[in-house]
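Written out below as structure tokens is the structure these notes cover.
The values are calculated or read from the model by the stated rules, or taken from the named source; none is laboratory data. Everything numeric here is computed off the predicted structure, so don't read it as measured data. Cβ coordinates were reconstructed from backbone atoms using ideal geometry, including for glycine residues, and neighbour counts include every protein chain displayed.
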Amino acid sequence: MRSARATACSNIALVKYWGKRPDTDPDLNLPDVGSLSLTLADLATVTTVTPSDDGQDRFELDGRPLEGRPAERVARHLDRVYRAGGGAGRRPPCRVVSVNHFPTAAGLASSASGFAALSCAAAAAFETDLDAAALSALARQGSGSAARSIFGGFVRLDRGTRPDGRDCVARPVAAPDHWDVRLVVVQTTTGPKAVGSTEGMERCRTTSPYYPAWVETSQADLDAATEAVRARDLDRLGPIMEHSCFKMHAAMMASRPPLLYFRGPTVEAVRTVFDLRQNGLAAYVTIDAGPHVKVLTHARDAAAVAEHLRRVPGVAAVSVHAPGPAARVEVLP
Ligand code: DP6
């Protein structure tokens, strides 16, 4: 074993992943729908994996020791990468140090960049020759959205049909420089912690009467959005992106008990974007399993969109992100 450091950027889904394939091995973490994302510059996790010098796994996140369930999740993921790389017997104990470089509380989940960086750093540290597709499949097992953060720019993760999940890997659709768009991240004031994605999607799948409709209609969105990205057509992509987002939230809200991720300022920010559009600006929203709003717009309009959103009462911070690069890894001396 050697030491390696990986950097992976976060991503935002333009066509959403929500729900896991039933009747498959839960450890494979196979999505019930395909998704399309944009990897984001300036929202990166840097993870170093080195041999542990005291024979024990030691994990640290943002300067604090990682314990309990999050630490178990990391240990399990290291086991997966070790085995996938052909490692036999007991995995060597590791020291993992991970730092999130996100602008002041961007209010974004870091599991996508986190598991992507961990997969790449661990694969290099265990001296495996796993390629990007294999790394994406491994990252997916850590967190579904992480499969997409292995690649830069616009990335598509197909649902696949194989029970072993080998056809469920992300693929780049277009490089970061393909299209000069920006994602404006609008952080709204935070309330009590919302239900996490893993738990939320299972509740939605098992209780929401709209879940089957969500799954049935997602493939058409995915294909149409992929085409719109290739054609660099924001006024074609935008409505599909909003449709995917609001269908997902409708299915969430119809769960029992309901999953309501919006706060007041979430709705106000969405309305502001709708108003900007009335006035001729091409800007479209998406919202994940939380209260923050992300807005896709042309690079030339990003500053104006951000300025309007900063004035929305209850908005805490607004940051603007260009398409970001693929995950990268270096072997340390
Ligand atoms: C709403 O990837 O966090 O952000 O696979 O259970 O770890 P797990 O879920 P996660 O879910 C992301 C859900 C989403 C939409 C998306 O990113 O596609």
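Suppose we filter region 298-333 for residues that are surrounded by fewer than 16 Cβ atoms within 10 Å (Cβ to Cβ) and closer than 30 Å to residue 124 by Cβ; how many remain?
Of the residues in region 298-333, 5 are surrounded by fewer than 16 Cβ atoms within 10 Å (Cβ to Cβ) and closer than 30 Å to residue 124 by Cβ.
Residues in region 116-129: is at least one more than 28 Å from residue 5 (Cβ to Cβ) and among the polar types (S, T, N, Q)?
no
Yes or no, residue by residue, for (1) over 17 Å from the mean Cα position of the chain (by Cα); (2) more than 17 Å from residue 34 (Cβ to Cβ); (3) among the acidic types (Asp, Glu):
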{"site": "144", "(1), (2), (3)": "no, no, no"}
{"site": "156", "(1), (2), (3)": "no, no, no"}
{"site": "162", "(1), (2), (3)": "yes, no, no"}
{"site": "183", "(1), (2), (3)": "no, yes, no"}
{"site": "202", "(1), (2), (3)": "yes, yes, yes"}
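Quick one: which strands (runs of 3 or more DSSP E) sit completely within region 1-64 and have at least 3 residues that are in the same structural domain as residue 83 (by TED's automatic domain parsing), closer than 23 Å to residue 289 by Cα and of a type in the set (Gly, Ala, Ser)?
Those strands (runs of 3 or more DSSP E) span 3-15, 35-51.
Of the residues 268, 242, which single one is more than 23 Å from the chain's Cα centre (by Cα), within 26 Å of residue 200 (Cβ to Cβ) and not assigned by TED's automatic domain parsing to the domain that holds residue 20?
The conditions single out 268.
Pull out all pairs, ordered by first then second residue, where Cβ-Cβ is under 7 Å, the residues are six or more apart or on different chains, the first lies in region 135-157 and is within 15 Å of residue 325 (Cβ to Cβ), and the second is within 13 Å of the ligand (Cβ to nearest atom) and basic (Lys, Arg).
That search, which allows pairs on different chains as well, returns 155/148.
In region 11-39, how many residues are more than 12 Å from the ligand (Cβ to nearest atom) and either free of Cβ contacts under 8 Å to residues at least 12 places away in the same chain or not polar (S, T, N, Q) (or both)?
Qualifying residue count for the region: 3.
This table checks each residue for (1) surrounded by fewer than 21 Cβ atoms within 10 Å (Cβ to Cβ); (2) among the polar types (S, T, N, Q).
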{"site": "4", "(1), (2)": "no, no"}
{"site": "13", "(1), (2)": "no, no"}
{"site": "16", "(1), (2)": "no, no"}
{"site": "37", "(1), (2)": "no, yes"}
{"site": "41", "(1), (2)": "yes, no"}
{"site": "50", "(1), (2)": "yes, yes"}
{"site": "58", "(1), (2)": "yes, no"}
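Could you check region 273-297 and list, in sequence order, the residues that are surrounded by fewer than 19 Cβ atoms within 10 Å (Cβ to Cβ) and in contact with a Leu (Cβ under 8 Å, 6 or more places away or on another chain)?
Selection gives 282 alone.
If you take the residues in region 40-54 that are within 20 Å of residue 113 (Cα to Cα) and polar (S, T, N, Q), which one is nearest to the ligand (Cβ to nearest atom)?
45
Just checking, which of 181, 169 is away from the ligand (no atom under 16 Å from the Cβ), within 24 Å of residue 328 (Cα to Cα) and touching a helix residue (DSSP H, G or I) at 6+ places or on another chain (Cβ under 7 Å)?
Residue meeting the stated conditions: 181.
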